[in-house]
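Let me begin by presenting the structure, written as structure tokens, before commenting on it.
The values are calculated or read from the model by the stated rules, or taken from the named source; none is laboratory data. Just so it is clear, the structure is predicted and the values come from calculations on it, not from any experiment. Cβ placement follows ideal geometry from the backbone for every residue including glycine, while neighbour counts extend to all protein chains displayed.
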Amino acid sequence: MSSEHVSRREFMSTCLTVGEAAALTFLGGHHVLAGNRPLIIEKHAPGTPYKLGILGCGNRSKAHIAALNGVPEIEIAALCDVLPHKMDERAKLIPKGPVPRKYVDMEKMFQQEDLDAIAVVLPNYMHKMAVIAALQAGKHVFCEKPMALTVADCNEMMAAAERTRKAVQIGTQRRHSRGQKTAVEAIRKAAVGDILSSDVNSYRGDWRVPAADEYPPGVQYWRMNQDQCGGVVYEMGAHTIDLNNWIFDSEPVTVASLQGVNDLALRRRDSTDHAGVLVRYANGALMNYGGNLYARGPSDPNSFFAVNATIRLSDEALEITYGHASGIPSKESLPKPVKMELPKGDGTNDQWEYFAQVLAGEARPYPDGHAGRQSIQICQGAIISARDKTIVNVKDLA
Ligand SMILES: NC(=O)c1ccc[n+]([C@@H]2O[C@H](COP(=O)([O-])OP(=O)(O)OC[C@H]3O[C@@H](n4cnc5c(N)ncnc54)[C@H](O)[C@@H]3O)[C@@H](O)[C@H]2O)c1
């Protein structure tokens, strides 16, 4: 289907050009934009769920199905995977609604007329192709992180969203986690002053190796392949880097990195399993990210160093500790330290509740392609920096 094609469904049903004030006022929607152009939203009657197809029924799809089981506004109406037994297993996790249709060919799923949206839960290197094809078939898209492997791919995906006027929401779920939202709000309100630098990390020892049923002997699992996966910065780093981008609230400008493969048990991999990444942002702040996929112990909390305070943030807690600059006498009393336990939940459930609002035309996709691309600017910049032993200017990646 061409990108300019308006489907029969769009034409015949309540066709909402969101942003057209009169229609929106009538239907109680809000002004929603994808890039510069209004989204085309097909609002369903109350009680009629939006229909979603899940593309990729691997490990991550289990968490999405569990979350979606608690979101009555969205029905899982289709599943797609090249391995049929995976669809069968996932279908058993869906207790509500009609049995989803199953496809081994994604193009066939995209042709299912009544699907409103596609969740792209495929290996990283397939995101761009699948997202653009789904958009061109007239579907809204939820795309797992990382958005893509290169900035150029992100640009193409954003252009497709703009052209088709469909939503693209990226699956960095921390942006919807109640805990992290509470923390970011508290940081923004606190008298910490400018945040000058950060020391953030993702150390994970629970990274799974390929299950025998997935790939025949001799076929490398995509996570082990640098070109298909991107390595640790795209895997775990994408979450932490996105959190950092959210807190810094500035554009990345330069990137430097060293990376490699250390883990002896997973030596067959050529995707990097450890990395250090330094990023300078437009507002002058500096991120220092460290990640590996072989740590057996817990990660450290992320630390943010502001003019007046040090902020420590984990999934469970936020601490803000104020101090005077050493060596400069001050009689001013310090604000009280903040010690806050954060609400639980990684945001996976909340991101789907939010996506239901996007489908209804009541919210903008969030995080959107811009936020997704910011992470990729850093991830791709880090790969090039480590490979070429240079400092990468983000503007050269576009
Ligand atoms: N947001 C998060 O916290 C989070 C967590 C884990 C994974 N992810 C992301 O989710 C994505 C999937 O990860 P995963 O752990 O589920 O991987 P996985 O390897 O377990 O699953 C991928 C699935 O895609 C299927 N597939 C491959 N090619 C296909 C094709 N052409 N058509 C249809 N299906 C095809 C595979 O058979 C497999 O079932 C990745 O992008 C990953 O980065 C995100």
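Below is a table of values for the structure above.
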item: Boolean, residue 85 is over 23 Å from the mean Cα position of the chain (by Cα) and within 14 Å of the ligand (Cβ to nearest atom); result: yes
item: Meets criteria (farther than 20 Å from residue 357 by Cα and surrounded by fewer than 23 Cβ atoms within 10 Å (Cβ to Cβ)) for residue 162; result: no
item: Failed item in (1) within 10 Å of the ligand (Cβ to nearest atom); (2) in a loop (DSSP other than H, G, I, E, B), with residue 130 passing the rest; result: (2)
item: Subset of the range 105-125 [over 25 Å from the mean Cα position of the chain (by Cα) and within 15 Å of the ligand (Cβ to nearest atom)]; result: 108, 111, 112
item: The range 322-354 - residue that is touching a Leu at 6+ places or on another chain (Cβ under 9 Å) and more than 30 Å from residue 71 (Cβ to Cβ) and, of those, farthest from the ligand (Cβ to nearest atom); result: 324
item: Residues satisfying the stated conditions in the range 159-183, i.e. over 17 Å from the mean Cα position of the chain (by Cα) and closer than 21 Å to residue 313 by Cα; result: 182, 183
item: Filter result for the condition that a residue is surrounded by fewer than 23 Cβ atoms within 10 Å (Cβ to Cβ), in contact (Cβ under 8 Å) with a residue 60 or more places away in the chain and outside the structural domain of residue 304 (by TED's automatic domain parsing), over 155, 201; result: 155
item: Flag for residue 139 being buried (at least 21 other Cβ atoms within 10 Å of the Cβ) and more than 11 Å from the ligand (Cβ to nearest atom); result: yes
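Residue-wise test of (1) modelled with pLDDT of 95 or more; (2) in contact with a Cys (Cβ under 6 Å, 6 or more places away or on another chain); (3) more than 23 Å from residue 311 (Cβ to Cβ); (4) of a type in the set (A, V, I, L, M, F, W, C).
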| site | (1), (2), (3), (4) |
| --- | --- |
| 194 | yes, no, no, no |
| 198 | yes, no, no, no |
| 201 | yes, no, no, no |
| 210 | no, no, yes, no |
| 241 | yes, no, no, yes |
| 252 | yes, no, no, no |
